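Notes to accompany the following structure.
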Amino acid sequence: MSDRGGIPLSVVVSAANRNDHLEFEAVVDAVAPVAGPVGRPRRRPHKLHADKGYDYPACRKMLRRRGIIARIARRGIESAKRLGRYRYVIERTLEWVSRFRRLARRYERKAAHFLGFTQLACAVICYRRAVKLDLV
């Protein structure tokens, strides 16, 4: 999961042949709190864009329970072209992660080790983005 600018917010490692919509809840719950100007930090995003692979009633219901507006394309109804500008951000983030040679091909046998390297790569991506925006 990433924000609007492509900064990775959460990473979840699962089995290779598991459907994405089955891990959807774990990914949404893995987002760390976002500090706002005043008050309690917002735990979850306001709205969430997803492609047709997440168009299941369980995914929509889970987002509704958490107070998140679902922007999920419907299978057989909506065109995939409308999601292009939102999908590009995720594809770009995945490209940034895959540039790390160790993650492009999985060498680790244990999922915990792979998750650690993936989180480290996401931290490096965040740092590089902060340097580019002159925040550091």
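Between Val38 and Asp134, what is the label-to-label distance in nm when each label sits 7 Å out along the Cα-to-Cβ direction?
3.0 nm
Counting only protein heavy atoms, what percent of the accessible surface of the chain is carbon or sulfur at a 1.4 Å probe?
Result for the chain: 54 percent of the exposed heavy-atom area is carbon or sulfur.
Could you work out [θ]222 nm for the chain from helices alone, using -39500 (n - 2.57) per DSSP H run of at least four and dividing by all its residues? Round to the nearest 500 deg cm²/dmol. Walk me through the intermediate numbers first.
Working: 5 runs with 56 residues, N = 136.
Rounded to the nearest 500, it is -12500 deg cm²/dmol.
Hey, any idea what the orientation-averaged projected area of the convex hull of the chain's Cα atoms comes to, in nm²? Working shown, then result.
On the way: hull surface 39.4 nm².
Mean projected area for the chain: 9.8 nm², to one decimal.
Among Val38, Val11, Val97, determine the one that fluctuates most according to a GNM of the chain built with springs between C-alpha atoms less than 10 Å apart.
Of Val38, Val11, Val97, the most mobile in the Gaussian network model is Val38.
Under the rule of at least 5 residues apart or a separate chain, name every residue whose amide H is placed under 5 Å from the amide H of Ser2.
Under 5 Å from the amide H of Ser2 lie the amide H atoms of Leu9, each far enough along the sequence or on another chain.
Step through the residues of segment 88-94 one at a time and calculate ³J(HN,Hα) from phi using the Karplus curve (6.51 cos²θ - 1.76 cosθ + 1.60, θ = phi - 60°), rounding each to whole Hz and writing x for Gly and Pro.
With the stated coefficients, segment 88-94 comes to 4, 4, 5, 4, 5, 5, 5 Hz.
Protein chains only, probe 1.4 Å: how do Met62, Met1 rank by accessible area, largest first?
Details: Met62 5, Met1 60 Å².
Listed by decreasing accessible area, they come as Met1, Met62.
Over segment 20-133, how many pairs of lysines fall under 20 Å by alpha carbon, counting only those 8 or more apart in sequence or from different chains? Display every interim value, and only then the final one.
On the way: Lys47/Lys61; Lys47/Lys81; Lys52/Lys61; Lys52/Lys81.
Pairs that pass both the separation and distance tests number 4.
Tell me, what is the 1.4 Å probe accessible area of Arg74, in Å² to the nearest 10?
Taking all protein chains as shown, Arg74 has close to 110 Å².
So what is the accessible area of segment 20-133 per residue, in Å², with the probe set to 1.4 Å?
Solvent-accessible surface per residue comes out at 74 Å².
Once ligands and nucleic acids are excluded and a 1.4 Å probe is used, how much of Leu94 is accessible, expressed in Å² to the nearest 10?
100 Å²
Can you compute 3J(HN,Hα) from phi for each residue in segment 102-117, using the Karplus curve 6.51 cos²θ - 1.76 cosθ + 1.60 with θ = phi - 60°, rounded to whole Hz and x for Gly and Pro?
5, 8, 5, 10, 6, 9, 7, 7, 8, 5, 5, 5, 5, 5, x, 5
The values are calculated or read from the model by the stated rules, or taken from the named source; none is laboratory data. What you see is a predicted model; the values in this text were computed from it and never measured. Methodologically, a virtual Cβ is constructed for each residue, glycine included, from the backbone with ideal geometry; neighbour enumeration extends over all protein chains shown. Ligands, DNA and RNA are stripped out before the accessible areas are found, and what is left, the full protein with its side chains, is counted by its heavy atoms. Shrake-Rupley method; radii C 1.70, N 1.55, O 1.52, S 1.80 Å.
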